[in-house]
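Please read the structure below before turning to the comments.
The values are calculated or read from the model by the stated rules, or taken from the named source; none is laboratory data. Computed from a predicted model, the values in this text were never measured in an experiment. So basically every Cβ, Gly included, is an ideal-geometry build from the backbone, and we count neighbours across all protein chains shown.
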Amino acid sequence: MKTKILNFFTVIMISVFIFSCGNGDKQKDDEKRNRIRVISTITIIDDIAKQIGKDKIENFVICETGTDPHTYKPKPGDPKKVSESDLVFINGFGLEHWIEEMVRNAGGNKKVITVTQGLSAITDDQGYGDPDPHLWFNVEYAKTYAQNILEGLILADNNNKDYYKENYNNYIKELDSLHNWILENVKQIPESQRILITSHDAFRYFGLAYGFEVRALQGISTEAKVQTDDVRKLIDFIKEKGLKSVFIETSVNPKLLEQISSETGAKVGGTLYSDSLGDPGTETGTYIGAVKHNVNTIINALK
Ligand SMILES: [Zn+2]
């Protein structure tokens, strides 16, 4: 019985396939079949891959919108998604401590590309000297992400090399103008107010690149427990500097920072995108859109 049903379906599938493939459709189907499958660990990398791969890739992401990669608990379907992909893009520097096991569970032999390759990380001076993985918030470093992604795509799909290169070149121009736009616009904030208080320490590269001092309630990973002493120190620091605003993040629980805000009188100046972009299809669903949102939020709160 089972075989009969299966045969019946196979016949239907083949008929549907034959009848649905007019020439244009067939070309579209072929194109779709030829697309390489790319999986990225975080939405930031996923978006950069999309900007370069465009319609020659089919993209998937492990930590979806609003998900914190530091504390991510892999889902049962993840290894399958990884095993069906031609390329795996990861950030590295300890952000995805769960990825090795996931790739192993997916059969091991995957092309894993670390998109921070060639960059060096600063270390966490509050914790145990771990590397700080949030390199993407220096837009100059995001260009290295793009370059490693380009090389990965060419490695997996050399036929479309020129297509990827053209998209990459255009994207680099956009990143260059974003970088200059930030440098120009942060000047609106008085120098003494260029201090960024956030839930977790995701903005140190941003601070170094664009001239902000950064302080966070938690270290570079949201896994760390917040100590009462750290809360006290941060409150004292905010009061001492007379800071007007603190910032919450979309992928981190805002509760403690909201308490600090009410205790110090510093407003919650807005929500920043740190380890996740906004919803796909919206403006902040792209890396460039999210960075612009962050910078505008920071400027409006601190100027
Ligand atoms: Zn983080």
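Taking the range 208-225 on its own, how many of its residues are more than 15 Å from the ligand (Cβ to nearest atom) and touching a residue at least 24 places away in the same chain (Cβ under 8 Å)?
5
Provide a single number: the residues in the range 239-294 that are farther than 17 Å from His200 by Cα, assigned to a helix (DSSP H, G or I) and not hydrophobic (A, V, I, L, M, F, W, C).
Here the count works out to 13.
Please pick out the residue among Asn148, Asn159, Asn138, Asn169 that is of a type in the set (S, T, N, Q), assigned by TED's automatic domain parsing to the domain that holds Asp46, within 16 Å of the ligand (Cβ to nearest atom) and modelled with pLDDT of 95 or more.
Asn138
Residue-wise test of (1) surrounded by fewer than 19 Cβ atoms within 10 Å (Cβ to Cβ); (2) at negative phi; (3) away from the ligand (no atom under 14 Å from the Cβ).
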residue: Gln227; (1), (2), (3): yes, yes, yes
residue: Leu234; (1), (2), (3): no, yes, yes
residue: Ile238; (1), (2), (3): no, yes, yes
residue: Glu249; (1), (2), (3): no, yes, no
residue: Gln259; (1), (2), (3): yes, yes, yes
residue: Leu272; (1), (2), (3): no, yes, no
residue: Ser276; (1), (2), (3): no, yes, no
residue: Gly281; (1), (2), (3): yes, no, yes
residue: Gly289; (1), (2), (3): yes, yes, yes
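Looking at the range 113-135, is at least one residue within 25 Å of Glu249 (Cβ to Cβ), more than 16 Å from the ligand (Cβ to nearest atom) and buried (at least 21 other Cβ atoms within 10 Å of the Cβ)?
No, the conditions are met nowhere in the range 113-135.
Give the residue, chosen from Ser199, Ser245, that is surrounded by 13 or more Cβ atoms within 10 Å (Cβ to Cβ), within 16 Å of the ligand (Cβ to nearest atom) and small (Gly, Ala, Ser).
None of the others qualify; the one that does is Ser199.
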